[in-house]
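So the structure is just underneath, and the comments pick up after that.
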Amino acid sequence: MRAGQASVDEVVVDASVLVELLGDFTHGQAVQQRLRDTRLHAPAHLDAEVLSAMGRLHRAGTIDATDVEAGLNRLAQLPVQRHGLNGLLLGAWARRADVRLLDALYVELASQLRVPLLTVDRKLARVCGMAEDITA
């Protein structure tokens, strides 16, 4: 880093963080503030998990179809660097006793990049030492 150059904060974000941001739910503002001036990383399955979560919220009547579509459009515009899964699979598998395998992909990526994992999933934050719970 050159003198006078600000360091860029880098994090791995999980689907729970982006659902809060895109749906502007309880922690949406806290997420937005935390992500400001931050380089975002995620495993490539992020988009599918966000889609699934928003679909569950729609089926539960929490959000309507227009909100889902708007959120998915915003998701496509977010500057998140998606990382391929091949290099994460074995490390995620090794974490199977501690976390869901899909969550283990986020944990493994954060471990490989040596950056925090941002989440609003309190259970994941409790079991993952590198996780930062935005709700705390």
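Observations on the model:
- Derived scalar couplings ³J(HN,Hα) [segment 74-81; Karplus, 6.51 cos²θ - 1.76 cosθ + 1.60; whole Hz; x for Gly, Pro]: 5, 4, 4, 8, 5, x, 9, 7
- When peptides 105-113, 82-90 are ranked by their average number of other Cβ atoms within 10 Å per residue, the highest-first order is 105-113, 82-90.
- Across segment 10-133, the relative contact order, built from alpha-carbon pairs under 8 Å that are at least six residues apart, equals 32 percent.
- Within the chain, helix-based [θ] at 222 nm, where runs of 4 or more DSSP H residues each add -39,500 (n - 2.57), nearest 500: -15000 deg cm²/dmol
- Formal net charge of residues neighbouring residue 119 (Cβ-Cβ distance under 15 Å; K, R +1; D, E -1): -3
- Inter-site label distance for residue 60 and residue 81 at 7 Å from Cα along Cβ, in nm: 3.3
- Within-15-Å neighbourhood charge of residue 80 [Cβ basis; K, R +1; D, E -1]: -2
- Summing Lys and Arg as +1 and Asp and Glu as -1 over all other residues whose Cβ lies under 14 Å from the Cβ of residue 103 gives a net charge of 0.
- Structure-derived Cα Rg over 2.2 N^0.38 Å - corresponding label in (i) 1.16; (ii) 1.11; (iii) 1.05: (iii)
- HN-Hα J in Hz across segment 82-96 - Karplus 6.51, -1.76, 1.60, θ = phi - 60°, x for Gly and Pro: 8, 9, x, 7, 3, x, 10, 4, 5, x, 5, 4, 5, 9, 4
- Bridge type composition, the chain - antiparallel percent by DSSP, nearest 5: 0
- Efficiency of FRET between residue 130 and residue 72 - r from beta-carbon atoms, R0 35 angstrom, step 0.05: 0.80
Every number in this text was worked out from the coordinates using simple rules, so none of it is lab data. Fair warning: this is a prediction, and the values are worked out from it, not measured in the lab. Cβ atoms come from the backbone with ideal geometry, glycine included; neighbour counts cover every protein chain shown.
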